[in-house]
Amino acid sequence: MSAPAREVVLGRIGEVSRRSDAVPKVTGEFAYSSDLHAAGMLWGHTVRSPQAHARIVGIDTSRALTMPGVHAVLTHDDVPGEKLYGLEFRDQPVLAIDRVRYFGEPVALVAAEHPEQARRAAEQVRVEYELLEPIVDPERATEQAPLHPDRPTMGRGYRDDERPNVVRSLVIRHGDPDARGDVSVSGVYDVGIQDQAFLGPESGLAVPDGEGGVDVYVATQWLHVDRDQGAPCLGVAPGQVRIRLAGVGGAFGGREDLSMQIHGSMLALHTNRPVKIVYSREESFVGHIHRHPARILSEHRATREGRLVCVRVRVLLDGGAYASSSTAVTSNAASFACGPYKVDNALVESLCVYTNNPPCGAMRGFGAVQSCFAHEAQMDKLAAALDIDPVELRLLNALESGDVMPTGQVIAGKLPVAEVIRRCAALTPPEPEELPRDPLRLPGGSGNTTRGEGVRRGVGFAVGFKNIGYSEGFDDYTAARVRLHRTADGELSAEVHCAAAEVGQGVANVILQTARTELETEDVVLAAATTSAVGSAGSASASRMTWMAAGAVQLACRDALAEHRRTGSDVDLERTYRHPRTTPLDPETGQVTGERAHVAYACAAMRVVAEVDVELGLTRVVWIGTVQDVGRAVNPSAVEGQIEGGTAQGLGLALMEEIQTRDGLITNASFTDYLIPTTLDMPPVASELVEDAEPDAPYGVKGVGEPPTVVSTAAVVSALRAATGRELARVPVRPDDIVGL
Amino acid sequence: MNIELRVNGEPRELEVWEGESLLFALRERLGLPGSKNACEQGECGSCSVMLDGKLVCSCLVLAAQAQGHDVVTVEGLAEDGNLHRVQEAFAETGAVQCGFCTPGFVVATADLLARNADPSEDELREALSGNLCRCTGYAKIFDAVRLAASR
Ligand code: FES
Ligand code: FES
């Protein structure tokens, strides 16, 4: 039954390398944030609002405090420092003060000896609410009473929009927005709320250091920004909060915002005991931000030959109760609204509003997913209106290096849109399978709903693109520290510190491969990621971590090696890498104010074959082929893994994934009711890479995590459209939409 | 209450609260956190263990129900310090990303291959359809299952 454990083979840049954490992950030894334990540890639990919008009349903790095993019950009164925090804007109470703005908002904290005691005590925290009318329709939010009268996102260089509940509004005007073509197609597209649904629930362990500080072992995407948000609220110096990366069970944007970091620390400092908090699945669904739901109105005007003349788009995003990263999502949705196409004339209006719906922020694809769904539906519509092959239409308009984006930015790096289209169109899908077949291979699966009657096959195509790295003037950097010495037998040995969060994407290997390549030694270890040993790595977000970590580690290794050669002695140095500078968009015109608003772009094309039971509205995706622009693949196997996994998430949004709400309350916070693709839903994914080195990036790498998610929702729906002949302007596509009810 | 059971071949005795799941007891009381807690409602398979040779979701079994029974967790699959062939295959094919689903998949795959040494594509998809993975899109997990089956 058993095979001998093989030696771990770890390669250099460009080689398939086995994950450095693969063995502990397959044996169960890898310590995730929910696996931690400390002597004398208490369990924390969060009391959350059952209302989407209410005034808090009073909070009575007295009964909860007398419950068995309870050590502490804390409310906003007990927040030692600043009462508000936020990823970019401090608009979110650590614990609700006088008002709750969303279903699931944290109101109080309990620490007890057993998790069940903590849960039961939490039920005994009496919060008296006076219900307020929830703002649930984003279309009307700008006419309703403000949820944040102090307008936390204004005065930050964005367009000054006086209306209540505006998180950000952005207008991009390019060329002559009134330019007319020979034909025009338009549509209204809707995207539901998607959840990151990472499998490892939010969790962590906060351990007081006995001197007023705290060590927090947590699953996160950006250690230093957690520290910088947490310390002021805890009323301590940043150095007194040490964030240590615990094993991360997936992230996908959902761990950019804080979860238990401040809460666990408050309980730990208050009780002077280690405190562990583990969210349940239900709590995870209500406790973190989601992908913004969107409504997108688009009009495409083109010549008879199919050249785009003018694109006009209005994007409305529902940001939910707090700002999170919504301002950047607003800008991304606008930047990519016209698709990876040459568009000389454009008018793009992008608006994000506050509501009492679930708060939204970062999720893989970050604004580009919603836009891609709309622009690709439009391209299919245009192709049909002009009777041009949809692939040809896309090729005809494909953006390329040197072209000007609607923001006025000239694409300085590589963007091989035509190449990914051409190569993807050349991938051969399998022949239709014969009937009869096993019901598993038909729409409806083991439900045994058809033997093939009513089943139609459709082939869809889509192209998408997205920025890599943080944009619009953000000071985006990553630090790496290298300690170098010679072992007794004269070999170079290195220890690398980098706070880049390994969230499953494989950045640990990128760091190791980079150091091995630069130092030409296999003897490299990666130290645990923590805020106390090295500067910030920035976030494992925006498909940036490979580029940034490789950049920082390369720089540090080169300098360390040079110094070692010069001095002959041990070296310990830290270097900070920055990608080329970006500048903000002009708040009135949405045009670049410097050379670039986004650092670089990556694109992907995807072809999808689907079968649809048009009588029952059931679907089966049969095959997916994709070609992605990756710059350079650091670890080809990991790149494929990102493509396959990213595609699955986009397929989920196309077919099944949606957080449902009633008056702002989430009604499907479980894996029973919020479905993600299973082994029976995912078809084989044939992927090819375009490796065209990005000039500004270390080794020519780009990022690879997001493009597959950006393009796959659009591509899957395109296939369903081809099979059904229906418009399917909303995702996830429901059986009713297919049948036409 | 006090219970006795065998875990990975060892007799264990422990004190549990009546409402605790087997998953909780394994993770928090027996120091075996390899079985994972992704949903604790029987929907994801991350907590899969063998109970008397049958694949179960340990989040749905009360610890008290395991009294007198035999439990094998992911920690119990390796033999003499050698990875189980399924573990080896998962590590080798890139079937692991964040890895949170991995212990459940490894246990479920070991069970599948013990029952069906050479599963067809449809059989393996169906057998593993109770295990969710959010990272990989499953392709490399299927590669791992096929590789393990071939050895
Ligand atoms: S944790 Fe048991 S099935 Fe999900
Ligand atoms: S590897 Fe992350 S859930 Fe499967």
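The values are calculated or read from the model by the stated rules, or taken from the named source; none is laboratory data. Just so you know, these numbers come straight off a predicted model, no measurement behind them. Note that each Cβ is placed from the backbone with ideal geometry, even for glycine, and that neighbours are counted across all protein chains shown. Surface accessibility is based on the protein's heavy atoms, side chains included, excluding ligands, DNA and RNA. Shrake-Rupley method; radii C 1.70, N 1.55, O 1.52, S 1.80 Å.
Restricting to region B:130-145, name every residue that is more than 9 Å from ligand 2 (Cβ to nearest atom) and on the phi > 0 side of the Ramachandran plot.
The one that is more than 9 Å from ligand 2 (Cβ to nearest atom) and on the phi > 0 side of the Ramachandran plot: B:GLY137.
Name the single residue, out of those in region A:547-598 being farther than 21 Å from A:ARG483 by Cα and hydroxyl-bearing (Ser, Thr, Tyr), that is nearest to the chain's Cα centre (by Cα).
Taking the candidates together, the pick is A:THR582.
Rundown of residues vs (1) free of Cβ contacts under 8 Å to residues at least 24 places away in the same chain; (2) part of a loop (DSSP other than H, G, I, E, B); (3) farther than 19 Å from A:ASP91 by Cα; (4) within 14 Å of another protein chain (Cβ to nearest Cβ), yes/no style:
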site	(1), (2), (3), (4)
A:VAL110	no, no, yes, no
A:ARG119	no, no, yes, yes
A:GLU130	no, no, yes, no
A:THR153	no, yes, no, no
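Any residue at all in region A:515-527 that is among the hydroxyl-bearing types (Ser, Thr, Tyr), surrounded by 24 or more Cβ atoms within 10 Å (Cβ to Cβ) and not assigned by TED's automatic domain parsing to the domain that holds A:GLN221?
Taking every residue of region A:515-527 in turn, none turns out to be among the hydroxyl-bearing types (Ser, Thr, Tyr), surrounded by 24 or more Cβ atoms within 10 Å (Cβ to Cβ) and not assigned by TED's automatic domain parsing to the domain that holds A:GLN221.
Can you list residue pairs whose Cβ atoms sit under 8 Å apart, with the first residue in region B:41-68 being under 17 Å from B:THR109 (Cα atoms) and of a type in the set (Ser, Thr, Tyr) and the second being assigned to a strand (DSSP E or B) and within 10 Å of ligand 1 (Cβ to nearest atom)? Count only pairs 6 or more apart in sequence or on different chains.
B:SER48/B:VAL56; B:SER48/B:CYS57; B:SER58/B:SER21; B:SER58/B:SER48; B:SER58/B:VAL49
Taking the stated definitions as given, is B:THR93 touching a residue at least 24 places away in the same chain (Cβ under 8 Å) and within 16 Å of ligand 2 (Cβ to nearest atom)?
So B:THR93 fits the description; yes.
Assess whether A:ARG312 counts as being assigned to a strand (DSSP E or B) and among the charged types (D, E, K, R).
Yes, satisfied.
Within region A:210-230, how many residues are more than 25 Å from the chain's Cα centre (by Cα) and on the phi < 0 side of the Ramachandran plot?
Counting residues in region A:210-230 that are more than 25 Å from the chain's Cα centre (by Cα) and on the phi < 0 side of the Ramachandran plot gives 4.
With respect to A:SER33, is the statement that it is under 18 Å from A:LEU199 (Cα atoms), surrounded by 19 or more Cβ atoms within 10 Å (Cβ to Cβ) and within 14 Å of chain B (Cβ to nearest Cβ) true?
In short, yes.
Within region A:494-505, does at least one residue satisfy the condition of being out of contact with any Leu (no Cβ under 7 Å at 6 or more places or on another chain), at pLDDT below 95, surrounded by fewer than 22 Cβ atoms within 10 Å (Cβ to Cβ) and not assigned by TED's automatic domain parsing to the domain that holds A:GLY239?
No.
Looking only at region B:120-151, count how many residues are outside any helix (DSSP H, G or I) and buried (at least 20 other Cβ atoms within 10 Å of the Cβ).
9
Could you check region A:487-515 and list, in sequence order, the residues that are touching a residue at least 24 places away in the same chain (Cβ under 8 Å) and more than 30 Å from B:ARG134 (Cα to Cα)?
Answer for region A:487-515, where residues must be touching a residue at least 24 places away in the same chain (Cβ under 8 Å) and more than 30 Å from B:ARG134 (Cα to Cα): A:THR487, A:GLU491, A:LEU492, A:SER493, A:ALA494, A:GLU495.
Looking only at region A:680-703, decide whether some residue is in the same structural domain as A:PRO429 (by TED's automatic domain parsing), part of a helix (DSSP H, G or I) and within 19 Å of A:PHE366 (Cβ to Cβ).
There is no residue in region A:680-703 that is in the same structural domain as A:PRO429 (by TED's automatic domain parsing), part of a helix (DSSP H, G or I) and within 19 Å of A:PHE366 (Cβ to Cβ).
Which residue is farthest from A:ASP696 (Cα to Cα), if the candidates are limited to region A:393-414 and must be in a helix (DSSP H, G or I) and open to solvent by less than 20 Å² (accessible area, probe 1.4 Å)?
A:LEU393
Out of (1) near ligand 1 (Cβ under 10 Å from one of its atoms); (2) over 14 Å from the mean Cα position of the chain (by Cα); (3) more than 11 Å from chain A (Cβ to nearest Cβ), the odd one out for B:HIS69 is which?
Among (1) near ligand 1 (Cβ under 10 Å from one of its atoms); (2) over 14 Å from the mean Cα position of the chain (by Cα); (3) more than 11 Å from chain A (Cβ to nearest Cβ), B:HIS69 violates only (1).
With the requirement that a residue be away from ligand 2 (no atom under 16 Å from the Cβ) and in a loop (DSSP other than H, G, I, E, B), what does region A:184-207 give you?
Scanning region A:184-207 gives a single hit, A:GLY192.
Looking only at region A:155-174, decide whether some residue is within 14 Å of chain B (Cβ to nearest Cβ), within 28 Å of the chain's Cα centre (by Cα) and part of a loop (DSSP other than H, G, I, E, B).
Within region A:155-174, none of the residues are within 14 Å of chain B (Cβ to nearest Cβ), within 28 Å of the chain's Cα centre (by Cα) and part of a loop (DSSP other than H, G, I, E, B).
Are there any strands (runs of 3 or more DSSP E) wholly within region B:1-108 with 3 or more residues that are buried (at least 17 other Cβ atoms within 10 Å of the Cβ) and of a type in the set (A, V, I, L, M, F, W, C), and if so which?
Counting at least 3 such residues, we get B:2-7, B:48-51, B:54-57.
Looking at A:ASP150, A:ASP190 in this structure, which one is charged (D, E, K, R) and exposed (fewer than 13 other Cβ atoms within 10 Å of the Cβ)?
One residue alone meets the criteria, A:ASP150.
Being of a type outside the set (Gly, Ala, Ser), within 16 Å of ligand 1 (Cβ to nearest atom) and more than 7 Å from every other protein chain (Cβ to nearest Cβ) is the filter here; which residues of region B:110-130 pass it?
B:ASP111 - this is the single residue of region B:110-130 that is of a type outside the set (Gly, Ala, Ser), within 16 Å of ligand 1 (Cβ to nearest atom) and more than 7 Å from every other protein chain (Cβ to nearest Cβ).
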